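S.K.: The following block contains the structure, expressed as structure tokens.
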Amino acid sequence: VPGPHDADVLTAGAGPVGLLLAGDLCAAGLRVTVLEQRTAPITESRASTLHTRTMALLAERGVLGRLGKLPGGGPGHFGGLRLDLAAAAPGDPFAGQWKCPQARLEAALHERAVELGARVLRGRRLTGLTDLGDHVAVEATGGRTWTAGHLVGCDGERSTVRELAGFDFAGVPATKEMLRADVAGIDVPNRRFERHPNGLATAARWPDGSTRVMVHVFGAGPGRRNGDPDFEEIVSAWRKVTGEDIGHGTPLWLDAFDNTSRQVTRYRRGRVLLAGDAAHVQMPVGGQALNLGLQDAAALGALLPDHADDYHAARHPVGARTLTNIRAQTLLLLGGPEVEPLRETVAGLLALDTVRGHLARAISAPSADGQE
Ligand SMILES: Cc1cc2nc3c(=O)[nH]c(=O)nc-3n(C[C@H](O)[C@H](O)[C@H](O)COP(=O)(O)OP(=O)(O)OC[C@H]3O[C@@H](n4cnc5c(N)ncnc54)[C@H](O)[C@@H]3O)c2cc1C
């Protein structure tokens, strides 16, 4: 029976978080409309790591079946120090970490959401919202107003919903940055979080012969940029850290990411809620950004529409703990020679089963109380 509104729930953003949420809400019998500003799905490289809890969530929803067999992602790390994530869940079929390009995951989540009845409308950018107490009204490009019982902002790190609804986004600005590029036509040795006197370097050859390089110059702050970094900047940082020249290569993809760490102080304001990067922004160390967001969506999907009050208490503490572990990892990873004593100490602790299990669970299956 159609309700009085266009939808029971409107979500802004058809990224992985918005799509998982839309599918779950439809599976629970709600009418869901997703407004997405992009006219086409993303194709570029983004997150690629799925952790144990996320794998279980995707399996329960039949999404893993749509993805086919995924390759394992190796042992994992904590701030660049080897940490076998399988220690989180010995015997669990999803113990460890798994690799899946974000674009492929989004396609599978989109397919599921639409099959379950979600309306995913592309080319609609949310530009205004009003919380009317018993429902929300939303303006979007395309010139019409939408009404719904709840609005969920799944619109990513620069969330319009967060801004318009007046959420308090507390945290710390960036102090450090990593540069990344996929480069064709270079031949540098594979290495993982290799520490040099001037910085940190990672290189991994893709099956197509191009190489993903990632570099940080110790002490360098985030660049002032409006878009992607120049290849020249990455070539120069790479030379400074490794002594190698990759300037003759052809850049296929350029990226910079920093250690901004922010989280909204409330996950809900009235009839407006936030999930995923809209609710928390963090350095994507160890693939936790995407996993945390998908777990927000799964939790919220089980609570709307009647238990929206419980969402903040369920997810804010998990986000806060995850952001803390990411900041700790960033210190270990991007700190210069001054963090060597701390790295040695943590490496010693990581020899203990209990420490390995605790930190592996914090990454693979984080919980609110830290008793993962
Ligand atoms: C270049 C890049 C590289 C990354 N690399 C990694 C990585 O290596 N590891 C990792 O864990 N994470 C990585 N991330 C982060 C990861 O992609 C995010 O954590 C994840 O996509 C969050 O999902 P989300 O659905 O919350 O937000 P998003 O994926 O950002 O989706 C938000 C969606 O909302 C839409 N939107 C925004 N504003 C509006 C609006 N006003 N109206 C309608 N629609 C709107 C956007 O178009 C987008 O489709 C990377 C991100 C980027 C951009």
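The values are calculated or read from the model by the stated rules, or taken from the named source; none is laboratory data. The structure presented is a predicted model; accordingly, all values stated were derived computationally and were not measured. Here the Cβ is made from the backbone with ideal geometry for all residues, glycine too, and neighbour counts use every protein chain on show.
S.K.: Report the residue count in the stretch 257-283 for those that are near the ligand (Cβ under 9 Å from one of its atoms) and small (Gly, Ala, Ser).
M.R.: Residues that pass the stated criteria total 4.
S.K.: Sticking with this one: Please enumerate the residues belonging to the stretch 116-138 that are away from the ligand (no atom under 14 Å from the Cβ), part of a loop (DSSP other than H, G, I, E, B) and among the small types (Gly, Ala, Ser).
M.R.: Gly117, Ala118, Gly133
S.K.: Could you check how many residues of the stretch 156-181 are surrounded by fewer than 19 Cβ atoms within 10 Å (Cβ to Cβ), charged (D, E, K, R) and more than 10 Å from the ligand (Cβ to nearest atom)?
M.R.: 1
S.K.: Follow-up. When the residues of the stretch 76-90 are filtered to those that are of a type outside the set (A, V, I, L, M) and modelled with pLDDT of 90 or more, which remaining residue is farthest from Pro16 (Cα to Cα)?
M.R.: At the first step, the residues of the stretch 76-90 found to be of a type outside the set (A, V, I, L, M) are 76-80, 82, 84, 90.
From what's left, modelled with pLDDT of 90 or more: 76-80, 82, 84.
Working: Gly76: 22, His77: 24, Phe78: 25, Gly79: 25, Gly80: 26, Arg82: 28, Asp84: 26 Å.
If we take residues in the stretch 76-90 being of a type outside the set (A, V, I, L, M) and modelled with pLDDT of 90 or more, then Arg82 is farthest from Pro16 (Cα to Cα).
S.K.: Regarding Ala365, is this residue of a type outside the set (Phe, Trp, Tyr), more than 27 Å from Gly221 (Cβ to Cβ), at pLDDT below 95 and crowded, with 20+ Cβ neighbours inside 10 Å?
M.R.: Values: of a type outside the set (Phe, Trp, Tyr): yes; more than 27 Å from Gly221 (Cβ to Cβ): yes; at pLDDT below 95: yes; crowded, with 20+ Cβ neighbours inside 10 Å: yes.
Criteria met by Ala365.
S.K.: Is it true that Ala320 is in contact with a Leu (Cβ under 9 Å, 6 or more places away or on another chain) and over 15 Å from Met178 (Cβ atoms)? Lay out the reasoning, then the answer.
M.R.: Working: in contact with a Leu (Cβ under 9 Å, 6 or more places away or on another chain): no; over 15 Å from Met178 (Cβ atoms): yes.
Against the criterion (in contact with a Leu (Cβ under 9 Å, 6 or more places away or on another chain) and over 15 Å from Met178 (Cβ atoms)), Ala320 does not qualify.
S.K.: Sticking with this one: Got a sec? Which of Gly286, Gly247, Gly223 is away from the ligand (no atom under 13 Å from the Cβ) and modelled with pLDDT under 95? Spell out how you get there, then give the answer.
M.R.: Working: Gly286 fails: away from the ligand (no atom under 13 Å from the Cβ); Gly247 fails: modelled with pLDDT under 95.
Sole residue among the options that is away from the ligand (no atom under 13 Å from the Cβ) and modelled with pLDDT under 95: Gly223.
S.K.: Sort through Glu344, Glu372 and tell me the only one that's among the acidic types (Asp, Glu) and modelled with pLDDT of 95 or more.
M.R.: Details: Glu372 fails: modelled with pLDDT of 95 or more.
After ruling out the rest, the residue left standing is Glu344.
S.K.: List the helices (runs of 4 or more DSSP H) inside the stretch 1-115, counting only whole elements, that have at least 1 residues being within 15 Å of the ligand (Cβ to nearest atom) and over 25 Å from Asn325 (Cα atoms). Don't jump to the end; show me each part of the working.
M.R.: Working: elements: 16-27, 52-60, 63-67, 102-115.
Because the criterion is at least 1 residues that are within 15 Å of the ligand (Cβ to nearest atom) and over 25 Å from Asn325 (Cα atoms), the helices (runs of 4 or more DSSP H) in the stretch 1-115 that meet it are 16-27, 63-67, 102-115.
S.K.: Please give the number of the condition Leu294 fails out of (1) among the aliphatic types (A, V, I, L, M); (2) over 22 Å from His51 (Cα atoms); (3) modelled with pLDDT of 95 or more.
M.R.: The one condition Leu294 does not meet is (2).
S.K.: Further question on the same structure: List, please: which pairs have Cβ atoms under 6 Å, are six or more places apart or on different chains, and start with a residue in the stretch 285-299 that is farther than 16 Å from Leu359 by Cα and end with one that is among the basic types (Lys, Arg) and more than 6 Å from the ligand (Cβ to nearest atom)?
M.R.: Here the result reads Asp296/Arg315; Ala299/Arg315, each pair linking the stretch 285-299 to a residue that is among the basic types (Lys, Arg) and more than 6 Å from the ligand (Cβ to nearest atom).
S.K.: Examine the stretch 57-76 for a residue that is among the small types (Gly, Ala, Ser), crowded, with 22+ Cβ neighbours inside 10 Å and under 19 Å from the mean Cα position of the chain (by Cα), and state whether such a residue exists. Quick ask: steps written out before the conclusion?
M.R.: If we filter the stretch 57-76 for residues that are among the small types (Gly, Ala, Ser), which is where we start, we get 59, 62, 65, 68, 72-74, 76.
Pick out the ones that are also crowded, with 22+ Cβ neighbours inside 10 Å and you get 76.
Now narrow it down to the ones that are under 19 Å from the mean Cα position of the chain (by Cα): 76.
Yes, that holds for at least one residue.
S.K.: If I ask for residues that are crowded, with 21+ Cβ neighbours inside 10 Å, among the charged types (D, E, K, R) and part of a strand (DSSP E or B), which ones from the stretch 238-297 would you list?
M.R.: Arg268
S.K.: Tally the residues that are among the acidic types (Asp, Glu) and farther than 14 Å from Asp258 by Cβ, restricting the search to the stretch 206-229.
M.R.: Result for the stretch 206-229: 1.
S.K.: Next question, about the same structure. Which is of a type in the set (S, T, N, Q) and either free of Cβ contacts under 8 Å to residues at least 40 places away in the same chain or touching a Leu at 6+ places or on another chain (Cβ under 9 Å) (or both), of Thr39, Thr43, Thr49? Steps first, answer last, please.
M.R.: Details: Thr39 fails: either free of Cβ contacts under 8 Å to residues at least 40 places away in the same chain or touching a Leu at 6+ places or on another chain (Cβ under 9 Å) (or both); Thr43 fails: either free of Cβ contacts under 8 Å to residues at least 40 places away in the same chain or touching a Leu at 6+ places or on another chain (Cβ under 9 Å) (or both).
Unique residue meeting the criteria: Thr49.
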